[in-house]
Amino acid sequence: MLTYAIRRVLAFVPTIFITLTLIFVVTRLVPGSPVWALIGNQSVDAERMEEITRQLGLDRPILEQYLEWLPRVVTGDFGQSIFFGRPVAEVILERMPVTFALTLLAMIVSIAVGVPLGILAAIRRGGLLDYVGNVFSSLGMALPSFWLGFMLILVFAVELQWLPASGYRPIEFGVWAWFGRMILPVIALSLAQIGLIARMTRSTMIEVLGMDYVTMARAKGLPERVVILKHALKNAMIQIITVIGLTFALGLGGSVIIENVFALPGLGQLITTAAVRRDYPTLEGGIFYLTLVALVTNLIVDLAYAYFNPRVRYGK
Amino acid sequence: MDAFHGVTGPVLEIRDLHVRFPGDRGPVAIIDSLDLSIAKGEILGLVGESGCGKTMLARAILRLIPPPGRATGGKILFDGVDLLGLDHENMRLIRGDKIAIVLQEPMTSLNPALKIGDQIGEVLKAHRPHLGGAERMALTLDLLEQVGIQMASQRLVQYPHELSGGIRQRVVIAMALICGDVRLLIADEPTTALDVTIQAQILELFTRLQAERRMAVLLITHDLGVIAQTAHRVAVMYAGRIVEIAEVNQLFDSPGHPYTRGLLQSLPRRGVGLPKSHLPAIAGSVPNLANLPGGCSFYDRCPHRLEDRCQATVPALEETRPGNWVRCHRWRELPAFELPADVRP
Amino acid sequence: MIASLPSLSIWFRRTNAMLISGSFILLLLLAGSIVAPLLFALDPLAIDATRKLEAPSAAFLLGTDEFGRDTFARIVYGAHVSLRVAFAATTLTAVIGIILGTVSGQSRWADAIIGRISDSLLVFPGFVLAIMILAAIGPAEINVVLAVFLLYVPRVIRTVRASVIEFITADFVQAARSVGIGNFRLMAVHVLPNAIGPVMVQLSFGFAWAILVEAGLSFLGLGLPPPSPSWGNMISDAREFIRTAPWLMFAPGAMISLAVLSLNLIGDGLRDMLDPRLQNKVSL
């Protein structure tokens, strides 16, 4: 287990470099200079243009820029935000908790609903619950999350007035002030994930329930509860965990949109603002941190996978 | 081998059992009107090609037929109690305690995610809830030694993938017998997945445990060599029906049914070929159960068939001499069977 | 074996049900978007300042937006735009994915390069890469196509590569090679047809996903520039009027959902038809 963990963590390092490089390449090698973002629509003479370009180091060869940029960003320093006029890292750190809360809550809801739903559908295969679950998950994966978000606002905020429509309150304002504003975004974000996890759990459980060792567990006279929860689920979990990891990455992508729908000041909203305003330092930083979260989650999932799978846990 | 020493009444008696699966054009009979009984202390061999319904029979006895299949008729009397009439809880109490099973693949019948000790111990937990952890462990260790596993205490904390095939199958056998009260052991191809030397050891273990515990054993296999070594009586199954039942020597000396003869003829010759008998090569293949021919199901492959009689009606299982039952219209007319001397398993 | 006999037929029926209903919805959407402009005088861009934000009526089936534009007309033409973008992206993905996947499956060094690049593209949480690309190259239809392509092509490459590796060693392919059939012909005639099934399944899901991504990008203002009536743009425009004119929000979202649902059904149906064992396995 330990060797495996060390190997996985070491493999993490090149991935970080590749990610950073890709971010650099995509944002630099394309037409359109970020200088335009700084000056906006004001008419500026060529001299002033050049000056700003020089200030940003954009006049130097691309490789030189890269070699200067990489060591800097590895330490987390993405420079000054053009739009906010503050260090990028500072802006990002401020917004991290919002995105974390949103994606984590959505993840918890997705697992808490999706896994049991998938298990029940697999046990009562072909039954009413299986059918309803299938319709539910198909819809969940087809509805665009941002539209769903607006529909939720329309029903629960505008019509019923049960919950606030949008906005964010830090938890210091009180748990309910914080949580109440998270409910709708979390539902909007988690529906597709619930569908995905439920379907995957169902098919994995069906596969596992057909295995010899499950028949054997029944033939041993174990209570059905033990057969399902101990023998089947423990093996199914090995596969379900990988899906949960992938779903989390999807959730992070989805959070970008959901934060915009519900006006949550998270990383996603920051990235979109930066993208629209072509605030490259902020965009690079935001995307890197978001990707980093996804990568770390993947790492955790891999280690959890190893933990649940004794074949990996003990060497080969 | 001398059969029937000290045999009393039947432990298991199956009467007119039907197992069906829904099919495209109506239900498909996987097991059709099957009668069979196993006496205390008896090893009954059940032979047949794959797909003939032997495994389904094993599943039916434990009431573990995979849905949507189910037993649609008949009785399975275990010590006089009809298993098909029991409620779920009472059936569960019989499984693993009174009736146990050993499956073909020791690789897949052990749960890869659980430790060996846990997988054996949980049987006791389910059936002997009054036992404490230490007692369970002591019983498990004792049995593991009985089934010939060395360093048993180390094995308890190992996972299945850390063990060899032979040891795994010993673990499965221990798992089946841990309750100590097993009256009927169903062994579904227990040695097929093992290599030859291990195969012999496991068979020996089987016969020894069977004799010690006076269990009834239903030994399912397609390997007549295994049958010859271990079984007292043999039932031959074809397309969901029993086609012949005989005492083991009777069967090898003078098989009654053309299918049984075909199986014996296709045994590998001594000195040639493989010592392990492969699927018997009888011309043709197992019929599709979804559309069986109207008469004898072996008709298509039978060298002795008669167009009118054999196609018209399903032959009955008739007693041709004491202890030998044959399902063939022509059993009286068939020529005497001569098994080449070097074929004798 | 025997246990799967009856269930196979059940799956066959169910498969057809999913495939048929999915195709039916999709064809209905396509047919509607083609026929509607022929039957009605529809102009998705015509501005009528006197008829702003009208509720649905006989004149305007789905009401009007803040510029007095006919929502029904915009929905119909939105189908053209949204499906066109998704279709272009899917086609591009298919062509490039099959080529790169085939190359990747045959040559070790090409595999190393292509594999590395596609793996690193997959590292990014889905949508984020698309945002980055569009922020860099600017909102435009062709750029959306490009972004969707870049995000999805690694998956297609993987699938094709796996099929090529699986079949290239198959006896019938080796036999074809031994009688002197050229490499191109070998791939085109003997190997790739085997990959068609899995690739078709994946492209169905990819198509659905492309619709969602386009809508999401347009919603964020990074997709198709206004006044293009893409469904995503319509939702984006409607958000300001969610309290006063909620009907503006319903129709485009429902259309996206229907289109995505139909394509997911087609993908599910195709997959089950190809391999009933994989029923409801989600492809990611």
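Bear in mind these aren't lab numbers, they're just calculated from the coordinates by the rules spelled out. Quantities reported herein were computed from a predicted structural model and do not represent experimental measurements. Neighbour counts are summed over all protein chains in view; Cβ atoms, including those assigned to glycine, are modelled from backbone coordinates with ideal geometry.
Rounded to 0.05, the FRET efficiency of the B:Val81 and B:Asp181 pair, given R0 = 22 Å and the Cβ-Cβ distance, is 0.90. Determine, from the Cβ-Cβ distance of C:Arg185 and C:Leu122 and an R0 of 25 Å, the FRET efficiency 1/(1 + (r/R0)^6), rounded to the nearest 0.05. Computed FRET efficiency for C:Arg185 and C:Leu122 comes out at 0.20. Simple spin-label estimate for B:Glu162 and A:Glu50 gives 7.4 nm between the two label positions (7 Å along the Cα-to-Cβ direction from each Cα). Could you compute the net charge surrounding B:Leu114? Neighbours are other residues with a C-beta less than 10 Å from the C-beta of B:Leu114; K and R count +1, D and E count -1. So the environment of B:Leu114 carries a net charge of +1.
Relative to the longest principal axis of the Cα atoms of chain A, the long axis of helix A:233-261 lies at roughly 30 degrees. Set the Cα radius of gyration of region B:1-105 against 2.2 N^0.38 Å, with N its number of residues, and you get 1.12. Descending by average beta-carbon neighbour count within 10 Å, the peptides B:290-296, B:316-322, B:15-21, B:232-238 line up as B:232-238, B:15-21, B:290-296, B:316-322, the highest first. The angle between the Cα long axis of helix A:128-142 and the main principal axis of chain A comes to about 10°, on a 0 to 90 degree scale. Stokes-Einstein diffusion of region C:43-202 at 25 °C, 0.890 mPa s viscosity, Kirkwood radius from Cα pairs, rounded to a whole number: 131 µm²/s. Label positions at B:Ser33 and B:Asn291, each projected 7 Å from the Cα along the C-beta direction, are separated by 2.3 nm. Here is how the number arises for chain B: DSSP H runs of 4 or more residues each give -39500 (n - 2.57), the sum is divided by the residue count, and the result at 222 nm is -8500 deg cm²/dmol. Counting, for every residue in B:89-99, the Cβ atoms of other protein chains within 10 Å of its Cβ and taking the mean gives 3. Over 27 Å apart at the Cα level, from the set A:Lys220/B:Lys40; A:Lys234/B:Lys54; A:Lys220/B:Lys75; A:Lys230/B:Lys75, are A:Lys234/B:Lys54; A:Lys230/B:Lys75.
Hull volume per residue, based on the alpha-carbon atoms of region B:86-202 and their convex hull, is 105 Å³. For the pair A:Thr21 and A:Lys234, a Förster radius of 45 Å applied to the C-beta separation gives a FRET efficiency near 0.65, rounded to the nearest 0.05.
The ellipsoid that matches the Cα gyration tensor of chain A has semi-axes, each √(5λ) in whole angstrom, of 43, 27, 15, with the longest given first. Helical content of chain A, expressed as a calculated mean residue ellipticity at 222 nm, amounts to -24500 deg cm²/dmol (DSSP H runs of 4 or more residues, -39,500 (n - 2.57) each, divided by residue number, nearest 500). Counting, for every residue in A:196-204, the Cβ atoms of other protein chains within 10 Å of its Cβ and taking the mean gives 3. Sequence-ordered 3J(HN,Hα) estimates for region C:170-184 from the Karplus curve with 6.51, -1.76 and 1.60 and θ = phi - 60° stand at 5, 4, 5, 6, 4, 4, 4, 5, 5, 8, x, 7, x, 4, 4 Hz, glycine and proline given as x. When peptides C:242-254, B:45-57, C:212-224 are ranked by their average number of other Cβ atoms within 10 Å per residue, the highest-first order is C:212-224, B:45-57, C:242-254.
Classify the protein assembly as shown from the C-alpha gyration tensor, please: rounded if a/c falls under 1.5, else prolate or oblate depending on whether a/b exceeds b/c. Cα axes put the protein assembly as shown in the prolate bin. Taken along the Cα-to-beta-carbon direction at a fixed 7 Å, the label points for B:Leu306 and A:Tyr4 span 6.7 nm.
Here the 3J(HN,Hα) profile of region B:191-196, calculated from phi with Karplus coefficients 6.51, -1.76 and 1.60 at θ = phi - 60°, is 10, 4, 7, 9, 7, 4 Hz, Gly and Pro shown as x. Once the Cα atoms are used to define both axes, helix B:165-177 deviates from the longest principal axis of chain B by about 80 degrees. For the pair region B:191-269 / region A:198-264, the C-alpha centres are spaced 42 Å from each other. Please report how far the C-alpha centroid of region B:54-93 lies from that of region C:75-138, rounded to the nearest whole angstrom. First find each Cα centre; the distance between them is then 55 Å.
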